[in-house]
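The values are calculated or read from the model by the stated rules, or taken from the named source; none is laboratory data. Just so you know, these numbers come straight off a predicted model, no measurement behind them. Because the Cβ atoms are built from the backbone with ideal geometry, glycine has one as well, and the counts that use them run over all protein chains shown. Each accessible area value is taken on the protein alone, full model and side chains, heavy atoms only, with ligands, DNA and RNA left out. Shrake-Rupley method; radii C 1.70, N 1.55, O 1.52, S 1.80 Å.
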Amino acid sequence: MRSTVRALVLAGLMAASAVVAAAGPAQADTTICEQYGSTTIQGRYVVQNNRWGTSATQCINVTSTGFRITQQQGSAPTNGAPLSYPSVFLGCHYTNCSPGSNLPMQVSRIRSASSSISYSYVGGTYNASYDIWLDPTPKTNGVNQMEIMIWFNRQGPIQPIGSAVGNTTIGGRSWQVWRGSNGANNVISYVAPSPISSWSFNVLDFINDVRNRGAITSSWYLTSIQAGFEPWNGGVGLAVNNFSASVSG
């Protein structure tokens, strides 16, 4: 959800937890420019601007199924943190929980966890990041201990946290696996070798792979599922066209 060098801006992360805006119902073509402004869509998901890494203006246009970045005035060095993580999510993020969410849920209790995502890409330096957050406790505030990042697209000289540890196949696709820590939480990243514009998949496949690597156990809790972008430069026009996620136990 946050950057490849989140340890450098941990103070900013802590501040974010105190100023996340309360989610409200979204109308068609709702524009959000507030730093941590958010709204709800479909009575089920939260869309957040989450401009945590810069004071420069960023605005998103929220639709009934996702959002699009309409303004991005910031710029960040590619060896540092991204500007933001505009995203849509199911679950809880810094006490902001999606309506009717059954998350957090203990991994051992999850019977199914499915998701579908459709992205639109433009030029710039960014990743299209799908984040899965887990913690040993049913935590709804602050930083969770385990972050799974699925990089659907990577543009520019950026890389995941840590170092590459190998390759794997999940959901019938090949991924390069990175593993590391940003000082606040552990991160395992799965990087697609070429951009993926849309995909429907089993979230449990990634959770099980992380568990098999010894990074979590079945007693941990899934707290949120998020999809969006981490921009460093540019990004106007980047969009989550459609997002859905469902977890049952």
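Counting Cα-Cα pairs of the chain in 10 Å increments starting at 0 gives whole-percent bin shares of 8, 36, 41, 15, 0. From the alpha carbon centroid of the stretch 75-121 to that of the stretch 124-144 is 6 Å. Backbone N atoms of the stretch 55-76 closer than 14 Å to the 7 Å Cα→Cβ label point of Asn241 belong to residues 65-68. Can you list, bin by bin at 10 Å, the percent of alpha carbon pairs in the stretch 36-103, starting at 0? In whole percents, the pair-distance histogram is 20, 47, 27, 6.
Could you list the residues of the stretch 81-121 with an amide nitrogen less than 15 Å from a label point located 7 Å from the Cα of Ser197 in the Cα-to-C-beta direction? Only 117-121 fall inside the zone, counting backbone N under 15 Å. Build a GNM of the chain with springs between Cα atoms under 10 Å apart, and of Asn208, Asn144, Asn50 the one that fluctuates most is Asn208. Rolling a 1.4 Å probe across all protein chains gives Tyr45 an accessible area of roughly 10 Å².
Plainly put, the stretch 153-249 has a radius of gyration that is 0.94 times its Kirkwood radius, both from alpha-carbon atoms, as the Rg/Rh ratio.
DSSP finds beta bridges in the stretch 30-248, and of those with both partners inside it, around 95 percent are antiparallel. The charge dipole of the stretch 154-249, taken about the Cα centre with unit charges on the Cβ atoms of Lys, Arg (+1) and Asp, Glu (-1), comes to about 140 debye, rounded to the nearest 20.
Note on Cys33 and Ser181: the model spin-label points, each 7 Å out from Cα along the C-beta direction, lie 4.1 nm apart. Ordering Gly123, Ser197, Val247 by Cα displacement along the dipole of the stretch 30-248 toward the positive end leaves Val247 in first place; charges were set at the Cβ atoms of Lys, Arg (+1) and Asp, Glu (-1). For the chain, a crude dipole built from +1 on the beta carbon of Lys and Arg and -1 on the beta carbon of Asp and Glu, taken about the Cα centre, is about 300 debye to the nearest 20. Here the spin labels are modelled as points 7 Å beyond Cα on the Cα-Cβ line, and at Thr169 and Thr217 they lie 3.2 nm apart.
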